[in-house]
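Have a look at the structure below, then the notes.
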Amino acid sequence: MTKNPLKEKLKGRHIILGSGSPRRKMFLEELGLDFEVRPKSVEEIYPQELQGEEISAYLAKLKATPFKNELNPSDILITSDTVVWHNNASLAKASNQGEAFKMLKTMSGDWHEVITSVCFTTTQKQTMASCVTKVKLKDLTDDEINFYIERCQPYDKAGAYGIQEWIGMIGISEIQGSYNNVVGLPTHLVYTTLLEL
């Protein structure tokens, strides 16, 4: 039986996922990797002049800082951050129904960008990979938005929506780029970057 090329390449390495996201965990499992989940919380504050990909890259790197003195030579730490960018503004996670409604209403009938940056940290170096996917939402009615928010409680997601949920099924009219990136991890970039490491 042919062996998983990535798993073979990473023999002797220990992967740490520095995230509690169930979606990111699922993707690494589906890539066939053995890894440890070790989330650490950081205050996600970034310089206000940063835009788009600069924000996600800054935060992905920031999430690696608590691990600075913990890594062994065999460790590869993976941290990441996703930003929803619309009308030159970052739409972060909504803290309540009103905020979630406002975000979805703003993006309704328009294109936005979903940007995920993934930071790979070892004791020797740090590598960053970023992916931008363009997503278009149809014109959403107030009832559709409210039904989705009440049903799915999307408060742990940038831009207050998950493409894999009800809103994605009925509301995404076009997508340019990686679907997995919008779910939470650009798996093609993770795969190629890990092979190169």
* To do: Say whether the condition of being within 30 Å of Lys68 (Cα to Cα) and not charged (D, E, K, R) is met by at least one residue in the stretch 138-158.
  => yes
* Asked: Do you know which of the residues in the stretch 59-74 that are open to solvent by 90 Å² or more (accessible area, probe 1.4 Å) and not basic (Lys, Arg) is modelled with the highest pLDDT?
  -> Pro73
* Asked: Residues in the stretch 172-195: is at least one assigned to a helix (DSSP H, G or I), among the hydrophobic types (A, V, I, L, M, F, W, C) and free of Cβ contacts under 8 Å to residues at least 40 places away in the same chain?
  -> no
* Being of a type outside the set (Phe, Trp, Tyr) and either part of a loop (DSSP other than H, G, I, E, B) or within 16 Å of the chain's Cα centre (by Cα) (or both), is that true of even one residue in the stretch 99-109? -> yes
* Asked: Between a first residue in the stretch 89-118 that is closer than 15 Å to Ile163 by Cβ and open to solvent by less than 10 Å² (accessible area, probe 1.4 Å) and a second residue that is part of a strand (DSSP E or B) and of a type in the set (Asp, Glu), which pairs have beta carbons less than 9 Å apart while being 6 or more apart in sequence or on different chains?
  -> Ile115/Asp81; Thr116/Asp81
* Checking Ile145 against (1) of a type in the set (Val, Ile, Thr); (2) open to solvent by less than 10 Å² (accessible area, probe 1.4 Å); (3) part of a strand (DSSP E or B), which single condition isn't satisfied? -> (3)
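Evaluate the following for Leu77: is it open to solvent by less than 10 Å² (accessible area, probe 1.4 Å) and within 15 Å of Pro39 (Cβ to Cβ)?
yes
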* Among all residue pairs at least 6 apart or on different chains, which show Cβ distances below 8 Å where the first residue, located in the stretch 131-144, is in contact (Cβ under 8 Å) with a residue 40 or more places away in the chain and the second is open to solvent by 10 Å² or more (accessible area, probe 1.4 Å) and of a type in the set (Gly, Ala, Ser)? -> Cys131/Gly177; Cys131/Ser178; Val132/Gly177; Thr133/Gly177; Thr133/Ser178; Lys134/Gly177
* To do: Taking only the stretch 21-55 into account, find how many residues are open to solvent by less than 80 Å² (accessible area, probe 1.4 Å), over 17 Å from Asp75 (Cβ atoms) and not in a helix (DSSP H, G or I).
  => 8
* To do: Identify, from the list Tyr161, Tyr155, the residue that is among the aromatic types (Phe, Trp, Tyr), within 19 Å of Arg24 (Cα to Cα), under 15 Å from the mean Cα position of the chain (by Cα) and crowded, with 22+ Cβ neighbours inside 10 Å.
  => Tyr161
* Kindly indicate whether any position in the stretch 145-168 is in contact with a Leu (Cβ under 7 Å, 6 or more places away or on another chain) and without any contact (Cβ under 8 Å) to a residue 40 or more places away in the chain. => no
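The values are calculated or read from the model by the stated rules, or taken from the named source; none is laboratory data. Since we're looking at a predicted model, the values are computed, not measured. All Cβ positions, glycine included, derive from the backbone under ideal geometry; neighbour counts span all protein chains shown. Only protein heavy atoms, including side chains, enter the accessible area calculation; ligands, DNA and RNA are left aside. Shrake-Rupley method; radii C 1.70, N 1.55, O 1.52, S 1.80 Å.
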